[in-house]
Amino acid sequence: MDFQNKLKKNISLKDLTTFWIGPKAKYFCQTNSREEVVEAIKWAKAKRMPFFVLGGGSNVLINDKKYKGLVIKIRESGIRNQESGIEVGAGVALGKLVGVALQEGLTGMEWAMGIPGTVGGAIYGNAGAFGQSISDCVEKVEAIDFENQELRIRNYEKEECDFNYRDSIFKRNKNLVILSAKIKLQTGNKIEIENKMKEYFQKKKQTQPLEFFSAGSVFRNQELGIKNQELLKQFLELKQFQDKNIIPSAWLIEKAGLKGKRIGGVEISRKHSNFIVNNGRGKARDVKKLIDLTKKTVKKKFGVDLEEEIQYLGF
Ligand SMILES: Cc1cc2nc3c(=O)[nH]c(=O)nc-3n(C[C@H](O)[C@H](O)[C@H](O)COP(=O)(O)OP(=O)(O)OC[C@H]3O[C@@H](n4cnc5c(N)ncnc54)[C@H](O)[C@@H]3O)c2cc1C
């Protein structure tokens, strides 16, 4: 199909994000195949136009001003379970991958139950929960490198993906677009897999404000490099955290007295202090003000530099 026919103008991005915040994009296209992704990138490059790849829009904050470039929304591109692993397109919902794993009796994706977004977005930010992450199951990733005029499609073996806590080569190198991945899971017991998924989802519902618009955790959690000895002592005395080397940012934000803090239509969730929730009328500028206030307050109180997990567009 001719790419020009796929191209749309002045499309609202708001309902393509879980934050329910976003302006119009000057140009927009939805791609259903790797060829269409290539065409979209080529089109933008030829016009020297900025472009942004959007997955499920569940980890982004888009500024209120119109985006003057092209938004490429990566959609489905298939999921196939083979003997050697699951081949999955970047635009496939993470929930669909979880569903296929359950259906096929494969264990390793239970932690992802209830996490929104796409497989591409999850690989980009190495999404994870309950001490596990997508990097535990990725065997290889196919991506386009568009740094040079000639676009290059190549496979990245797991080691080359350079996964870290909420981080990957795809997040650091802004010239890569993920097309697909091969996921390797282990054969398991279907009932146990289902029970684990239910248990994790129940925990998520209890601790996260899933009933509100949000973009998940705003800040990355902190390594134990905390200088405030009194705070460190308090944290280490708490038994409720699984990983004693990581201080949840939610804990620091709550300790800083910011729980429930509101600016305009957005507030720091009372249920989970690392979530900012939108009542439906929130603006990106309100979210940004709340983020800046949180960073400043936590720095002043505890000497800790919070770092955003959410990705910005147009700031
Ligand atoms: C209620 C809720 C709960 C959440 N719980 C969790 C959780 O438990 N654990 C967790 O880790 N996250 C969680 N998140 C955050 C979010 O769902 C994940 O980070 C998710 O993996 C993002 O995927 P996405 O497709 O929505 O990415 P998007 O938000 O669309 O994009 C995020 C970034 O990835 C880039 N990107 C997306 N697709 C591609 C691609 N194909 N190639 C290159 N770059 C790409 C985008 O350009 C952007 O920079 C939660 C979010 C919400 C709203």
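The values are calculated or read from the model by the stated rules, or taken from the named source; none is laboratory data. Here the structure is a predicted model, which means the values were calculated and not measured. Cβ sites come from the backbone with ideal geometry, for glycine too, and all protein chains shown count toward neighbours. Remember, those area values only see protein heavy atoms, side chains included, never the ligands or the DNA or RNA. Shrake-Rupley method; radii C 1.70, N 1.55, O 1.52, S 1.80 Å.
Any residue in the range 301-312 that is at negative phi sitting within a Cβ distance under 7 Å of a residue that is more than 8 Å from the ligand (Cβ to nearest atom) and open to solvent by 20 Å² or more (accessible area, probe 1.4 Å)? List the pairs, counting only those 6 or more apart or interchain. Here the result reads Phe302/Asn228; Val304/Gln222; Asp305/Lys299; Leu306/Lys295; Glu307/Arg220; Glu309/Arg220, each pair linking the range 301-312 to a residue that is more than 8 Å from the ligand (Cβ to nearest atom) and open to solvent by 20 Å² or more (accessible area, probe 1.4 Å). Name the single residue, out of those in the range 33-53 being under 23 Å from Gln311 (Cβ atoms) and not in a helix (DSSP H, G or I), that is farthest from the chain's Cα centre (by Cα). My answer is Arg48. Looking across the range 272-305, the residues that are in contact with a helix residue (DSSP H, G or I) (Cβ under 7 Å, 6 or more places away or on another chain), at pLDDT 95 or above and of a type outside the set (Val, Ile, Thr) come down to His272, Ser273, Asn274.
Just checking, does the range 22-36 include any residue being open to solvent by less than 30 Å² (accessible area, probe 1.4 Å) and β-branched (Val, Ile, Thr)? There is at least one residue in the range 22-36 that is open to solvent by less than 30 Å² (accessible area, probe 1.4 Å) and β-branched (Val, Ile, Thr). Number of residues in the range 109-123 that are touching a strand residue (DSSP E or B) at 6+ places or on another chain (Cβ under 6 Å) and either more than 10 Å from the ligand (Cβ to nearest atom) or over 22 Å from Phe170 (Cβ atoms) (or both): the value is 0.
In a residue-by-residue description of the range 71-86, the property of being of a type in the set (Ser, Thr, Tyr) and at pLDDT 95 or above applies to no position. Whether any residue in the range 245-258 is over 20 Å from the mean Cα position of the chain (by Cα), at pLDDT 95 or above and closer than 25 Å to Asp64 by Cα is what I want to check. Yes, the conditions are met somewhere in the range 245-258. Per this entry, Gly56 is not counted among residues that are assigned to a helix (DSSP H, G or I), near the ligand (Cβ under 9 Å from one of its atoms) and either out of contact with any Phe, Trp or Tyr (no Cβ under 7 Å at 6 or more places or on another chain) or acidic (Asp, Glu) (or both). Residues that are buried (at least 17 other Cβ atoms within 10 Å of the Cβ) and free of Cβ contacts under 8 Å to residues at least 60 places away in the same chain within the range 172-187 comprise just one, Leu176.
Determine whether Leu258 is crowded, with 17+ Cβ neighbours inside 10 Å, in contact with a strand residue (DSSP E or B) (Cβ under 7 Å, 6 or more places away or on another chain) and part of a helix (DSSP H, G or I). So Leu258 does not fit the description; no.
Going residue by residue through the range 61-79, is there one that turns out to be over 25 Å from Phe213 (Cα atoms), more than 10 Å from the ligand (Cβ to nearest atom) and either touching an Asp or Glu at 6+ places or on another chain (Cβ under 8 Å) or without any contact (Cβ under 8 Å) to a residue 12 or more places away in the chain (or both)? Yes, the conditions are met somewhere in the range 61-79.
Kindly evaluate Leu97 against the criterion of being part of a helix (DSSP H, G or I), more than 15 Å from the ligand (Cβ to nearest atom) and surrounded by 18 or more Cβ atoms within 10 Å (Cβ to Cβ). It is false that Leu97 is part of a helix (DSSP H, G or I), more than 15 Å from the ligand (Cβ to nearest atom) and surrounded by 18 or more Cβ atoms within 10 Å (Cβ to Cβ).
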